[in-house]
Structure formats: C-alpha cells, structure tokens
Number of protein chains: 2
Amino acid sequence: MVQAMTGKLTVIGLGPGNADQLTREADVALQTADVIFGYQPYIDRVPLRAGQRREASDNRQEVDRASRALSEAARGAHAAVVSGGDPGVFAMAAAVCEALEHGPAAWRDLELSIVPGVTSMLAVAARVGAPLGHDFCAMSLSDNLKPWSVIERRLQAAAAAGFVMALYNPISRARPWQLDRAFETLREHLPGTTVVVFGRAVGRPDERIQLTTLAAAKGAEADMATCIIVGSTETRILTRPNQPTLVYTPRSLAAASA
Amino acid sequence: MVQAMTGKLTVIGLGPGNADQLTREADVALQTADVIFGYQPYIDRVPLRAGQRREASDNRQEVDRASRALSEAARGAHAAVVSGGDPGVFAMAAAVCEALEHGPAAWRDLELSIVPGVTSMLAVAARVGAPLGHDFCAMSLSDNLKPWSVIERRLQAAAAAGFVMALYNPISRARPWQLDRAFETLREHLPGTTVVVFGRAVGRPDERIQLTTLAAAKGAEADMATCIIVGSTETRILTRPNQPTLVYTPRSLAAASA
C-alpha cells in the first residue's frame, strides 16, 4: 500500500529522432525510470540502462500500452511511456489520459507528468526556413480515428482561412489513398503553386527533405515517417545560388491580401 | 573575402523558459556562437561565456535584429539569434528569412541553420494533460501583423471546423481589448463550457496555470508571457481527488459527433 503511493508515470517526448534534439528534462526522466513502454522504433532510440526494463509494443496499441504503464505505476514503479516528437501531438499523452479516465479509480491518484519534446512539424520547418512563421494548423490524416469527411472539411476550412498546414500520419499501408485525396481537396482551394514540403525522418541518417508544389505533390513521396507542410498563399520560396532553398511564411499579412 | 565565407547564422530556440527544456543541439549552438542577438529577456536566459558578445534589443525590432545578425555573419562571425520557445513559431526564423530576402545579395550565400525548440503551446499542454491530442491550430492574436478582421475570421473557421486553438501573443499594453474580443467571437461558435487553459511562464519560477471555461474566460487573466489553449467540444476535463485536474482531447472523433 505504501509502495503503491510512490509509483508514478512520466510520458516523455523523444524529439524528432536525433539524440541531440532531446531536452535535458527528457534525458533525466529516461534515466530515472524503472520500466519504459513504447512503440518499438521509439524504444530502440533509448539507450539501455542496467536494471531498467523495457516493453515494446506495436503501433496501434496505444491504449493497451498506456494501461500497462499505469498498472506498473499503480504497483509502485516509476513507469515511463515514450513518444517520438512531442507526446501531446497525436501521441501517447492523450492515450494515457483516455486509459486513466476509463481505468480503475486508483489510477487517478497516480502522479502523472508529461515531458514535452520538439514535435515533427517544428523540426521539418526548421530544416527549410520558417514555413510555420504565421498562423498554422496541425492535422492527423488518419481516418482510423475520425471519419474521412471530417478530415476533408478541416482541410477545406484551413485552406479557406489561410492557415499553413502540417499533416501528420499522412499515409500507411492500410491508408494508401488518403494523402492523394487530401492533395486533390486542397487543389480545389489553393493555387497549384502553393509550396509543399515533405520532411521525412528529420535528424536521422535517412532524413529526406523535398520541396514541391501542390500541383505536383504526390502521395507516393511520403511514408509513415513523413510530416508534410502545405503552405498558404503567403508562403514564399527563396532560392539561393550557393545554399539550400528557403521556404518561409512572413509574419505579417498585409491588409490588401486579407 | 575568405573570412566572409566562413560566417554563419544560427537561429536558436531556447524552449519555454526552463534550462532543462533546452535541447542539447541548442546548448551546443549557444556555446559556439561568437555573438548572440535577441530580445532582452531571452538573452538574459543564456549563460554568459568568455569571449562571447551579446546584443539585446527590444521586442518590436525583429527585422532590425535579424539584419544586424546577418551583417555580423557576413563579416565572418558565427552569429546566433535566440528566440523563446521555437524560433519558427511567431518568432525570429521568419524575421531572419524576411531580412535575408530583402537584404544585400551576399547574405544569400551565408550558411543559415535553425535549431528548433519546444514551443510554448506544447509546454502548456504538457502541464495540464493533452489538450492538443487531436487536430489543432496555432494563431497569433497580434493585430500589429495582420488585420483584426482576419483574426476573427480564423477564430470562427477554427471553431467551426473543430480545431483546438493555441493563442500566442494574446495581449499587451498596446493591444488591451483583442483577447476579450476573441473570447466573445468564440462564444458565438462554441459552448460556454468549452475548456480554456491559461498557461503563463511555463517552466519558470513565476509559472501560473489556470483552467477555466469559455463562458468565464477573461482577458485580464493573461499577459504577454501567456499562451492560451481553447478546447474543442471534444476536449475533456478529468478531475482527480488527490492530483491536479487533467485536460485532454481524445485522439478519436466518433462518426456520431462529426
């Protein structure tokens, strides 16, 4: 009983993929956990430590994983759940809250901390300039979690309102057509010249950044590790003869373009 | 001439305010800069190092500051510009791109790197649970940079489309009424019970987190250091007898609520 009161759960953001993009707070939290839960590729990024247990699980099992971690914390462990990027953006922090709300009442007494991280869109944006320098939105394209009609409606609303968009979970083997459909929808509301950035595995050895236009954008260029940024009509391309091209959205919107 | 080619500019995100929320990459970049430019309160957060120059400037002088940093880099220095949070979100990365586009052609040859950081909304979200766990948008409420009519239109569009909203730059001495007007606008589109989070100075000694509802939200609760998160109709409040209240937006949206 006394032991159970000392358990706690920390949800940790690992950042985009490079160990140098981890915060010190996340690093310390990883070092002090007794047991770490996560999707296998994220677990693989955490250095092994003596006496620490690790439990990897599959991509789709977020609420099961959260429940396992809460159970361990309820038994007195310092449990950690890891997420790539930031755990609060389409990731484990919400899954832990869901499991906590629907689980045993005792779980509500657990100490829960969430350690934020650099989420994917920020890392992709930093690689190309400042496409998120003006108002923007972040959407998951996964229709496992909401009806496709809602996704289309949000894409239309975001384009019409002038938001730059960051698209998470753009494509997977089970969701092969959604991203191309999203580009089609956006082409009805934005000029074909609108800038599109595909940012894959930023900070990792297999990083790949591609700049294209909405007219030319193809879903096949993306995979599960890709975050896509679609500019607004204000987003600018700045070519440089001896340096990489920059993409940025000016902070100011002139009254004339409103 | 040879010296000029070695100059470079790094734009660095300091995270929300606590030194532990800095990434290792940002820490190394700060250590290797010859000269650091920034808004005074951000410069104050960077430890002084021997041989390093620092140039603090006022809040409104972003493009001047960016131009000064680019000039120093063009003279061969390793210049750095610091931003609180992430430099790509309503901050210095876009200002540097703007200065670079409109400045001397030689500036385009400079090596420019941007080091992302944990932006304010992620830190605020982590403190209360996972309010950004579903689709969301981020808006600056400053009408110095765009007409107020555009801000209102975007608030309406975001509310109607079901986005959670993170509001940056909510209020200042020169912009005293805008935040209350924004709440009024949102009250026309969202129920009064909608969750609102005021997150001030997260990670700093004067941190203050307040949970309220849209019906009760008052602009006077915010200041320049506050980031506000307005939930969607899906955002949930989870009270816990012996622990802080959690706020989260479930990852799933059922077809019935669409």
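What follows draws every value from the coordinates through simple rules; no lab data is involved. Given the structure is predicted, the values throughout are model-derived calculations rather than measurements. Because the Cβ atoms are built from the backbone with ideal geometry, glycine has one as well, and the counts that use them run over all protein chains shown.
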Discussion item. Under the convention of a label 7 Å out along Cα→Cβ, give the distances in nm from residue A:173 to the same position in every other copy, shortest first.
Written reply: 6.1
Fill in: Teacher prompt: residue B:58 distances to equivalent labels in other copies, 7 Å Cα→Cβ, nm
6.1
Practice prompt. Find the centroid of the Cα atoms in the stretch A:189-208 and in the stretch A:13-44, then give the distance between the two in whole Å.
Written response: 25
Discussion item. Using the Cα centre of the protein assembly as shown as the reference point, and only Cβ charges (+1 on K/R, -1 on D/E), how large is the resulting charge dipole? Debye, rounded to the nearest 20.
Written reply: 40
Worksheet item: Residue of B with Cβ nearest the axis relating B to A, plus distance in whole Å?
Response: B:137, 2
Practice prompt. For a footprinting-style exposure proxy, rank A:63, B:247 by other Cβ within 10 Å, fewest first.
Written response: A:63, B:247
Fill in: Those residues of the stretch B:183-223 whose amide nitrogen sits under 17 Å from the label point placed on residue B:240, 7 Å along Cα→Cβ
B:209-211
Worksheet item: Where a ≥ b ≥ c are the square roots of the eigenvalues of the C-alpha gyration tensor, would you call the stretch A:212-258 rounded, which needs a/c under 1.5, or, failing that, prolate if a/b is larger than b/c, or oblate?
Response: oblate
Worksheet entry | Order of B:110, B:122, A:100 under a 10 Å beta carbon neighbour criterion, fewest first | B:110, A:100, B:122
Fill in: Shape of the protein assembly as shown, Cα gyration tensor, a/c cut at 1.5
rounded
Discussion item. If neighbour count is taken as other Cβ atoms inside 10 Å, put B:193, A:239 in order from fewest to most.
Written reply: A:239, B:193
Practice prompt. Give the long-range amide H neighbours of residue A:81: residues separated by 5 or more places, or on another chain, with amide H under 5 Å away, using H modelled in the peptide plane at 1.01 Å from N.
Written response: A:10, A:11, A:12, A:37
Fill in: For a label point 7 Å along the Cα-to-beta-carbon line of residue B:24, residues of the stretch A:20-40 with backbone N under 19 Å
A:20-33
Response to the item:
Where a ≥ b ≥ c are root eigenvalues of the Cα gyration tensor, a/c under 1.5 meaning rounded, otherwise prolate if a/b exceeds b/c and oblate otherwise, the stretch A:22-100 counts as rounded
Discussion item. Of the candidates A:26, A:69, A:216, which one comes out as most mobile in a Gaussian network treatment of chain A with C-alpha springs shorter than 10 Å?
Written reply: A:216
Worksheet item: If you add up the charges near residue B:164, with Lys and Arg at +1 and Asp and Glu at -1, over every other residue whose beta carbon is less than 9 angstrom from its beta carbon, what do you get?
Response: -2
Discussion item. Using a label point 7 Å beyond Cα on the Cα-Cβ vector, give me the inter-copy distances for residue A:215 in nanometres, one decimal, shortest first.
Written reply: 5.2
Discussion item. Need one number: nm distance between label points at residue A:32 and residue B:204, each 7 Å from Cα along Cα→Cβ, rounded to one decimal.
Written reply: 2.4
Item to complete: Take residue B:233, project a point 7 Å from its Cα along the Cβ direction, then tell me which residues of the stretch B:132-147 have their backbone nitrogen under 20 Å from it.
Response: B:132-137
Worksheet item: Using unit Cβ charges (K, R positive; D, E negative) and no other charged atoms, how large, in debye to the nearest 20, is the dipole of the stretch A:1-77 about its Cα centre?
Response: 160
Discussion item. Tell me which of A:47, A:12, A:112 sits at the most positive position along the dipole axis of the stretch A:2-118, charges placed on C-beta atoms (Lys, Arg +1; Asp, Glu -1).
Written reply: A:47
